[in-house]
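So the structure is just underneath, and the comments pick up after that.
Values in this text are rule-based calculations from the coordinates and carry no lab data. Because the structure is predicted, anything quoted here is derived from the model rather than measured. Backbone-built Cβ (ideal geometry, glycine too); neighbour counts: all protein chains shown.
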Amino acid sequence: MDVHDFDFDLPQKLIAQTPLADRTASRMLVLNSETGVVAHKHFRAITDELEAGDMLVLNDTKVLPARLIGVKEETGASIEMLLLKETGDNEWETLVKPAKRVKPGTIITFGDGRLTAECIGVADQGGRTFKFTYEGIFYELLDALGKMPLPPYITESLDDQSRYQTVFAKERGSAAAPTAGLHFTEEILDELRAKGVGVEFITLHVGLGTFRPVSVDSIEDHEMHAEYYQVTEHTAAAINQTKEAGGRVIAVGTTSTRTLETIASEHDGKIVAGSGWTSIFIFPGYEFKAVDGLITNFHLPKSTLVMLVSALSTREYILNAYHQAIEEEYRFFSFGDAMFIRPSRKKENDSCQQ
């Protein structure tokens, strides 16, 4: 399958630059995964779309203020660094720019020397590994010196840093927000619980793969970067019980989807507690073992995320839904509107209308 099969024209004006004041004010395109029928709603309608016995699974990763601006010790040149993944004792995998100025042995200082990093490894596309030295507590320094690592397609500044965190963010370690979760408030989660919808959390720390495009023509040749996940005993048991009772498992975001499918693929469809690394690449032809439906944002053309959502329905249905979203001027990407890829209802016939 060719990467260009997942291309579409997206007007620049539809890329959301700032979040809405109200998290729940986003629009929501509802796609019936089996028929391709589309409905245009607002996100608050998610409480009507889900039903008692369903299970909502969200990613509680917390974004690090991982964007650092420092100076090259030797020349004083400005260097921008994005922390991606801790790989050892005070060692981090990062992206830097301008990367050509950073070679093994390069030392970069931040905050007038409060934090120092030495380059100890070089990878492609701006990837560098650094060893950090400092006095005190690393994460406290990061809170003081770092900024939220907004995606490159967002060019406006973010006044309220908390709007790039979900309201349920807990486990620190992500290089980017699980953006589908940004639409939720505690109020909506409480309404869903009161309706009989289960609400559970997994953790997947978003890493390097999120920032790298597909650089091959055939998607089968693309390799995903590994990202760290954790699932508790309580969450695993709750999801398994939902499946056994005939309930639908609705993942919030592609990160939750990839975590659940990684575990289910390794354990005959069951969710097992534990932690590990996932590099699963989901594209059309994949048979889902845990996830029935997905709440997500609208993604980049030719991205692995568009390929994943296409696997949960069909490429044709997804691209048609995206075409309608563009015609209706939905807001795209991290601060954009939502999409619910809805599986068949358990009890009632499909009433979703175009």
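Points worth noting:
- Region 254-354, relative contact order in percent, only Cα pairs under 8 angstrom and at least six apart counted: 27
- Ranked packing of 188-196, 43-51, most packed first, by mean Cβ within 10 Å: 43-51, 188-196
- Under Karplus coefficients 6.51, -1.76 and 1.60, residue-wise ³J(HN,Hα) of region 13-26 in Hz, glycine/proline x: 5, 8, 7, 5, 9, 9, x, 5, 4, 9, 4, 8, 7, 4
- Near residue 187, once Lys and Arg are set to +1 and Asp and Glu to -1 for all other residues with Cβ below 10 Å from its Cβ, the sum equals -1.
- Peptides ranked, highest mean first, by Cβ atoms within 10 Å: ranges 28-37, 1-10: 28-37, 1-10
- As a length-normalised measure over Cα pairs under 8 Å and 6 or more apart, the relative contact order of region 148-247 settles at 23 percent.
- Crossing angle, helix 254-266 versus the chain [Cα axis fit, 0-90 degrees, rounded to tens]: 80
- Distance histogram in 5 Å bins (all Cα pairs of region 203-300, percent per bin): 2, 12, 22, 26, 20, 10, 5, 2, 0
- Taking the alpha carbon gyration tensor of the chain, multiplying each eigenvalue by 5 and rooting it gives semi-axes of 35, 22, 20 Å, largest first.
- The slack in the chain from residue 77 to residue 135, taken as 0.36 nm per residue of separation less the alpha-carbon distance, amounts to 18.5 nm.
- What the phi angles of region 95-112 give under the Karplus curve with 6.51, -1.76 and 1.60, with θ = phi - 60°, is a coupling list of 10, 10, 8, x, 5, 5, 8, 10, 10, x, x, 5, 10, 10, 10, 10, x, 6 Hz, glycine and proline written as x.
- Extent of region 79-229 along its three principal axes (Cα atoms, max minus min coordinate, largest first): 58, 46, 32 Å.
- Backbone N under 11 Å from the residue 123 label point (7 Å along Cα→Cβ), restricted to region 89-107: 92-96
- Modelled FRET efficiency - R0 35 Å, residue 161 with residue 220, Cβ distances, 0.05 increments: 0.35
- Checking every one of the trypsin sites (Lys or Arg not before Pro) in region 214-300 against DSSP loop status and a limit of 15 other Cβ atoms within 10 Å picks out 270.
- Our coupling estimate for region 66-75, obtained by passing each phi through the Karplus curve with A = 6.51, B = -1.76, C = 1.60 and θ = phi - 60°, is 8, 9, 10, 10, x, 10, 6, 4, 6, 10 Hz, Gly and Pro reported as x.
- Checking every one of the GluC sites (Glu not before Pro) in region 214-252 against DSSP loop status and a limit of 12 other Cβ atoms within 10 Å picks out 223.
- Each listed q (0.29 Å⁻¹) maps to a log10 I(q)/I(0) for region 76-122 from the Debye sum over equal C-alpha point scatterers, namely -1.39.
- Kirkwood-type radius of region 120-173, with distances r between different C-alpha atoms, in Å: 14.2
- Temperature 37 °C, viscosity 0.692 mPa s: under these conditions the Stokes-Einstein estimate for region 1-159, based on its Kirkwood radius over C-alpha pairs, is 169 µm² per second.
- Cα-projected label distance for residue 191 with residue 232, points at 7 Å along beta-carbon direction, nm: 2.5
- 11 Å beta-carbon shell around residue 11, net charge (K/R +1, D/E -1): -2
- Value at 222 nm in deg cm²/dmol, rounded to 500, when DSSP H runs of n ≥ 4 in the chain each add -39,500 (n - 2.57): -5500 deg cm²/dmol
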